[in-house]
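Some notes on the structure that comes next.
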Amino acid sequence: MIAVLRSELYRTVTVRSSVLALIGFGIVAACAGYLSDEFWALMAGIGTFGLAVMVTCQHYQHRTAMLLFLGEPNRLKVLAAQSLVALGLGVVLVSVSGIAVVASGESDRYLHTLLVAPLLAVFGVANATVIRKPLWLIAGYLGWLLFVEGILYQLEGDMIFSAFLAAASGSTRGLLWVLIWTAAALPIAAWRIGRDLSGD
């Protein structure tokens, strides 16, 4: 497990697109922090989800998944390692991008976002393991966030991003729902990671 984790971490920090994505999402979230702390939490959440999707999907995009699974036949270990790497990147993203939020006196929102972001990262890895197409996944969830959660439900309710925003503001119910969404996605990802790679 340690070898897989080290390999995934090394690959992530040495692939230029991963580093650029981390910097890009971090800058967008940090700038959002100057506008409002709630907008920062949303951007940090989207960034965390996007990074998790990219970290996971790169193997399928660049056809290195077969080499990865030959090196580690236990695919659940790979899923766990990718989740831990995405979780770490999410924590780094939230920690660094939230400096303006802490400076404005909103340290509670900062800490709550820091607490719930790892769950959203694991949710992103689970989704990317099932879908394996980063553009479809990110575009689909952005559309979902904008039209369904944003316009129809006004970011209220128990759907994933609405629950994330509620948890980032300190809601225990929101945290519970993010945990439920993540816990529901993981068994599906654990089942689907074993499927054949030839269709990707």
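The values are calculated or read from the model by the stated rules, or taken from the named source; none is laboratory data. These numbers were taken from a predicted model, which means no experiment stands behind them. With ideal geometry, Cβ positions are generated from the backbone for all residues, glycine too; neighbour counts draw on all protein chains shown.
Below is a table of values for the structure above.
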| quantity | calculated |
| --- | --- |
| In segment 29-67, the residues that are assigned to a helix (DSSP H, G or I), within 30 Å of Arg195 (Cα to Cα) and without any contact (Cβ under 8 Å) to a residue 40 or more places away in the chain | His59, Leu67 |
| Subset of segment 71-108 [charged (D, E, K, R) and either in contact with a His (Cβ under 6 Å, 6 or more places away or on another chain) or part of a helix (DSSP H, G or I) (or both)] | Arg75, Lys77, Asp108 |
| Any hit, segment 174-181, residues being touching a Ser or Thr at 6+ places or on another chain (Cβ under 7 Å) and over 24 Å from Leu79 (Cβ atoms) | no |
| Per-region count, segment 143-200, residues of a type in the set (S, T, N, Q), farther than 19 Å from Phe39 by Cβ and part of a helix (DSSP H, G or I) | 2 |
| Matching option when the condition is farther than 26 Å from Leu142 by Cβ, surrounded by 23 or more Cβ atoms within 10 Å (Cβ to Cβ), among the aliphatic types (A, V, I, L, M) and out of contact with any strand residue (DSSP E or B) (no Cβ under 6 Å at 6 or more places or on another chain), among Val55, Val78 | Val78 |
| Top-ranked residue in segment 1-36 [being buried (at least 16 other Cβ atoms within 10 Å of the Cβ) and charged (D, E, K, R); ranked as modelled with the lowest pLDDT] | Arg11 |
| Number of the exception - Ser95 against (1) within 16 Å of Leu135 (Cα to Cα); (2) free of Cβ contacts under 8 Å to residues at least 40 places away in the same chain; (3) among the small types (Gly, Ala, Ser) | (1) |
| Where a residue in segment 120-132 is closer than 18 Å to Lys77 by Cβ and its partner, wherever it lies, is in a loop (DSSP other than H, G, I, E, B), with Cβ under 8 Å and at least six apart | Thr129/Ile193 |
